[in-house]
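The values are calculated or read from the model by the stated rules, or taken from the named source; none is laboratory data. As the structure is a prediction and not an experimental result, all values here were calculated from the model. Every residue, glycine among them, receives a Cβ derived from its backbone with ideal geometry; neighbour counts consider all protein chains shown. What goes into the accessible areas is simple: the full protein's heavy atoms, side chains included, and nothing from ligands, DNA or RNA. Shrake-Rupley method; radii C 1.70, N 1.55, O 1.52, S 1.80 Å.
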Amino acid sequence: MQDPNWIPQQADLTLRRLLPRLRAEYRRAPAPVWEAFTRRLTTHFPRLFKLLYEVYGARYDFIYHLDALLRVMADACLARPEDLRELDERREAEPDWFQDQAMLGGVCYVDLFAGDLKGVRKRLPYFKELGLTYLHLMPLFKAPEGNSDGGYAVSSYREVEPRLGTMTGLRALSRDLRAAGISLAVDFVFNHTSNEHAWAQKALAGDPEYRDFYYFFPNRQMPDAYEKTLREIFPDEHSGAFSWHAESRQWVWTTFHTFQWDLNYSNPAVFAAMAGELLFLANQGVEVLRLDAVAFIWKQLGTVCENLPQAHTLIQAFNAVTRIAAPALVFKSEAIVHPDDVVKYIRPDECQISYNPLLMALLWNSLATRKIRLLRHSMRSRFTIHPACAWVNYVRVHDDIGWTFSDEDAAVLGINGNDHRRFLNQFFTGRFDGTYARGLPFQENPKTGDCRISGTGASLAGLEQALTALEAGAPDGQTLLDHAVRRILLIHGIILSIGGIPLLYLGDEIGTLNDYGYRDDPAKADDSRWVHRPATDWERMKRRDDPSTLEGRIYSGLKHMIAQRKAQSIFAGGDMRVLETASDHVFAYQRSGASSDGAPGGRVIVLANFSEQSQPANLAPVRGLPFGRSVVDLITGQERLLTPDLLLEPLQLMWLMAG
């Protein structure tokens, strides 16, 4: 059994050996900058050493690569602009900055929202009007022409796609956003690069150093062995996880598209190289990195090659790198996997914030079923995470909807998970009798009926159906419209109040509908996700301030809830208690906390009716509620008496403030 002190001792010894050489090499570095770097290095190197030793310690060249990584971090630290070094100090002093109730995220594609980076800068007044404090720009780096998986096939992490702008422009945008109190977030696609990346091109040219950056196999022996335990991600495009590359006459590991080549993280040079790219982006003013496809980064024969322990170890090592060289940077996990696996990525020393795919999926599930049992059960047991971390709660993003609820949770309630997913797929693709949704299947498997769902939030919530009915003169058209708007506001009101960072898919705030024009573009026609990636209609946006318009009705409703969220410190952080009501239609939870001066801040009781019928809240089973006392609904401003049988209108949301 190894002495538990051995790793810390070796970390200390290694740093004492390497640091003098590093100091000599960087002897001209400004003293304050070097002192800050060495202070953080001394603090975090033991953790970094331990993590990298777990993965690479058996290699003969481990220390060589570790030494190279120290230089990557030192170079990045010395190149870091002064204003970002000041931000580092502020964020170290306030590591919970993203827990504030004022936090509100927005996400968009640069070209579709504003044309280019200059266009995004011109929209800064709109971001401030909406109340954003966090702007996530979808992949904007150089990528192959035509199909690039929406930019997720990166050809260079250090170049902006030319039609969108330049890296200089991105730096300027980040400064402007920061001055406005808005943190810039971008995607860090670190499972793979495009086949046009310089590393891939060098590998194709026969450079053995870069050939080892990817997985190449001369025949099917190893791919067949791996694929015995792998699942197919994009079966419509290619079977298995490997693609034949005719030019090199090799099989290449391509988990996703054939032009996205998986990186070989068993090679420590890949880790150091990607650490360099990560820190380069941090030095451009990026404050949040969305780590794309985190589950897939480690490969091991005989496993599913998803969510393996080494994936966590590597992300934690990247986290340690940022604590040393760019401590203002925050990681956002993107793990659309089983809820048990999602939560494993969320910790202060790994990903500080994470998408909440379970809440998203179950909000849509509850709209379809009009029942909240699965939502209530799952949120009761799965919402709580480390208090220093936060969920990023969303209704829609650029990607498809996958039904990632737990089959085990469903079984407790007597629900067959597979059967229920088939129902949801039928419902949201418009194939279920009586559905209001207008979505499209993505990566549909005709043999199993399995698929994911594409569609804008408004079209999935019934707005497209309602407008079609109104246009046709249907007598129930206005009712359908009212219900669709209420659904949109209902689920957005939940992500704004349940705890964590709410994220808006920009365009949803005015009820953007599906855009079927993508079918006319050969580069997009086979990917139904483009139906919910339309260009922003700024003529419709102009109607947002007129509450008599559809756009104004949705926008004003959202803006009011955003303002109430920002005004109430009770919405800070992520502490939330699900209330066990006797209703199968009304989702209920409570937020409580202290006021800004530390005094008791009361509570907000949130009630959400997922039925198109009026429903009593059925709060009698809930202990500790202030029955018989007056509460104020923060959404309507009305004062009412809190009673166990409080009646909610169809699809109504209440935020009841109790002192």
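On full extension, the segment bounded by residue 224 and residue 381 gains 52.6 nm, given 0.36 nm per residue less the C-alpha separation. Charged neighbours of residue 399, selected by a Cβ distance under 13 Å, balance to -1 (K, R count +1; D, E count -1). Note on the stretch 494-521 and the stretch 607-636: Cα centroid distance 28 Å, given to the nearest whole angstrom. The distance between label points at residue 569 and residue 349 comes to 3.2 nm (points 7 Å beyond Cα on the Cα→Cβ vector).
Each residue of the stretch 309-321 was assigned a 3J(HN,Hα) from its phi angle through the Karplus expression (A = 6.51, B = -1.76, C = 1.60, θ = phi - 60°), giving x, 5, 4, 5, 4, 5, 5, 4, 5, 4, 4, 5, 4 Hz with x at Gly and Pro. Taking the stretch 285-314 and a reference point 7 angstrom along Cα→Cβ of residue 340, no backbone N atom is nearer than 13 Å. In plain terms, the C-alpha convex hull of the stretch 481-522 casts an average shadow of 4.3 nm² when viewed from every direction. Averaging the Cα positions of each part gives two centres, and for the stretch 344-420 and the stretch 239-258 these lie 33 Å apart. All C-alpha to C-alpha distances of the stretch 461-500, sorted into 10 Å bins beginning at zero, yield P(r) values of 33, 37, 20, 9, 1 percent in whole numbers.
Cross-link reach is defined here as a Cα-Cα straight distance under 17 Å, omitting same-chain residues fewer than 8 places apart; for residue 122 the lysines meeting it are 542. For the chain, the Cβ-based charge dipole about the Cα centre amounts to some 1340 debye (Lys, Arg positive; Asp, Glu negative; other atoms uncharged). Checked against a 30 Å cut-off, the cross-linked pairs 50/142; 128/371; 118/524; 344/559 give Cα-Cα distances beyond that limit for 50/142; 128/371; 344/559.
Summarise the accessible area of the stretch 179-273 (1.4 Å probe, protein heavy atoms) by the percent that is carbon and sulfur. Reported share for carbon and sulfur atoms: 48 percent. Across the stretch 349-478, Cα-Cα pairs more than 19 Å apart make up 54 percent of the total.
Highest average first, the peptides 123-129, 110-116, 165-171, 473-479 ordered by how many other beta carbon atoms sit within 10 Å of their residues are 110-116, 165-171, 123-129, 473-479. For residue 42 and residue 247, the difference between the fully extended length at 0.36 nm per residue and the C-alpha to C-alpha distance is 69.1 nm.
Solvent exposure of the stretch 456-558, expressed per residue, is 37 Å² of accessible area, with all protein chains present and a 1.4 angstrom probe.
Inter-label distance, residue 431 to residue 592: 4.7 nm, where each label sits 7 Å from its Cα along the C-beta direction. Based on the Kirkwood approach, the hydrodynamic radius assigned to the stretch 216-326 is 15.4 Å, with every pair of different Cα atoms included. Annotation: peptides 251-258, 339-346, ranked by per-residue average of other Cβ atoms within 10 Å with the highest first, follow the order 251-258, 339-346.
Across all Cα atoms of the stretch 73-210, the radius of gyration (one decimal) and Dmax (whole number) stand at 17.0, 53 Å.
Label separation (residue 209 vs residue 649): 6.8 nm, computed from points 7 Å beyond Cα along the C-beta direction. Once the Cβ-Cβ distance of residue 523 and residue 159 is raised to the sixth power relative to R0 = 30 Å, the FRET efficiency obtained is 0.90. Counting 0.36 nm for each residue step from residue 658 to residue 580 and taking away their Cα separation leaves a gain of 26.2 nm. When the alpha carbon coordinates of the stretch 9-156 are projected onto the principal axes, the ranges are 53, 39, 31 Å, largest first. Neighbours of residue 241, meaning other residues whose beta-carbon lies under 13 angstrom from its beta-carbon, give a summed charge of -2 when Lys and Arg score +1 and Asp and Glu score -1. The distance linking the stretch 29-43 with the stretch 430-476 is 56 Å (Cα centroid to Cα centroid, whole angstrom).
Charged neighbours of residue 603, selected by a Cβ distance under 12 Å, balance to +2 (K, R count +1; D, E count -1). Per-residue 3J(HN,Hα) values for the stretch 269-277, derived from phi via the Karplus relation 6.51 cos²θ - 1.76 cosθ + 1.60 with θ = phi - 60°, read 5, 5, 4, 5, 5, 6, 4, x, 5 Hz in sequence order (x marks Gly and Pro). When Rg and the Kirkwood radius Rh are both evaluated on Cα atoms of the stretch 132-187, their ratio Rg/Rh stands at 1.01.
Among 36-48, 580-592, sorting by the average number of other beta carbon atoms lying within 10 angstrom of each residue, highest first, gives 580-592, 36-48. Using the rule -39500 (n - 2.57) for each DSSP H run of four or more residues, divided by the residues of the chain, the 222 nm mean residue ellipticity is -12000 deg cm²/dmol. In the calculated pair-distance distribution of the stretch 555-659, the portion above 17 angstrom amounts to 52 percent of the Cα-Cα pairs. In this structure, residue 266 and residue 535 have a Cβ-Cβ separation that, at R0 = 51 Å, corresponds to a calculated FRET efficiency of about 0.75. DSSP bridge analysis restricted to the chain gives an antiparallel fraction near 60%, rounded to the nearest 5. The calculated FRET efficiency for the pair residue 418 and residue 239, based on their C-beta separation and a Förster distance of 22 Å, comes to about 0.50.
Placing a label point 7 Å from the Cα of residue 5 along the Cα-to-Cβ direction, the residues of the stretch 41-75 whose backbone N falls under 19 Å of that point are 46-47, 50.
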